[in-house]
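Notes for the one structure printed next.
The values are calculated or read from the model by the stated rules, or taken from the named source; none is laboratory data. Computed from a predicted structure; not experimentally measured. In this analysis, Cβ positions are derived from the backbone assuming ideal geometry, glycine residues included, and neighbour counts consider all displayed protein chains. Note: accessible area is taken over every heavy atom of the protein model, side chains too, but ligands, DNA and RNA are not part of it. Shrake-Rupley method; radii C 1.70, N 1.55, O 1.52, S 1.80 Å.
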Amino acid sequence: MIGGLSERIAIEQRVRMGDTGGGATVSWSALATVWAKVTARPRGEDAESEGRRALTVFELTIRRRTDVTAAMRAVWRGRALYFRGIADEGPHQPYLRILADDGDPL
């Protein structure tokens, strides 16, 4: 599997900063840059605006980390991929599989 981790991705976490008006600003902050295997699969269309656009589901395979959560995203080749689920097969497994897509964050 080591040879398959050939793409660099940046893992980012959401940061929420309160403002003086009682609202908040949400931004993204880098957690880590890691090697990954990125597999893309087309998944139909997303119709959230006037036009339709293709939505792609990605499977990201990375070395196991304990600080990665489903509330994060990855940036791969300049494209934001929002995590939708993490398959963690236990502490003795060397890899995490993350399902992500290029839709809007939840």
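Give the number of residues within region 1-33 that are hydroxyl-bearing (Ser, Thr, Tyr), part of a strand (DSSP E or B) and over 20 Å from Thr61 (Cβ atoms).
Going through region 1-33, the residues hydroxyl-bearing (Ser, Thr, Tyr) turn out to be 6, 20, 25, 27, 29, 33.
From the residues that got through so far, the ones that are part of a strand (DSSP E or B) too are 25, 27, 29, 33.
Retained after the next criterion (residues that are over 20 Å from Thr61 (Cβ atoms)): 25, 27, 29.
Residues in region 1-33 being hydroxyl-bearing (Ser, Thr, Tyr), part of a strand (DSSP E or B) and over 20 Å from Thr61 (Cβ atoms): 3 in total.
For region 1-29, what are the residues that are small (Gly, Ala, Ser), modelled with pLDDT of 95 or more, open to solvent by 40 Å² or more (accessible area, probe 1.4 Å) and farther than 21 Å from Gln93 by Cα?
At the first step, the residues of region 1-29 found to be small (Gly, Ala, Ser) are 3-4, 6, 10, 18, 21-24, 27, 29.
Still in the running and modelled with pLDDT of 95 or more: 6, 10, 29.
If we keep only those that are open to solvent by 40 Å² or more (accessible area, probe 1.4 Å) as well, we get 6, 29.
Ser29, the sole residue that qualifies.
Which pairs have Cβ atoms under 6 Å, sit 6 or more apart or on different chains, and link a residue in region 44-72 that is acidic (Asp, Glu) and at pLDDT 95 or above to one that is open to solvent by less than 70 Å² (accessible area, probe 1.4 Å) and in a strand (DSSP E or B)?
Listed pairs, sorted by first residue: Glu59/Thr39.
I need the full set of residues from region 30-42 which are among the small types (Gly, Ala, Ser) and modelled with pLDDT under 95, in order please. It would help to see each step written out before you state the result.
Keep residues of region 30-42 that are among the small types (Gly, Ala, Ser), which gives 30, 32, 36, 40.
If the condition is that a residue be among the small types (Gly, Ala, Ser) and modelled with pLDDT under 95, then Ala40 is the only one that fits.
Restricted to region 1-22, and to residues that are farther than 22 Å from Tyr82 by Cβ and not hydroxyl-bearing (Ser, Thr, Tyr), which residue is nearest to the chain's Cα centre (by Cα)?
The extreme case among them is Gly4.
I need every pair where a residue in region 7-23 that is free of Cβ contacts under 8 Å to residues at least 12 places away in the same chain has its Cβ under 9 Å from the Cβ of a residue that is open to solvent by 70 Å² or more (accessible area, probe 1.4 Å) and among the polar types (S, T, N, Q), sequence separation at least 6 or different chains.
Listed pairs, sorted by first residue: Arg16/Thr25; Met17/Thr25; Gly18/Thr25; Asp19/Thr25.
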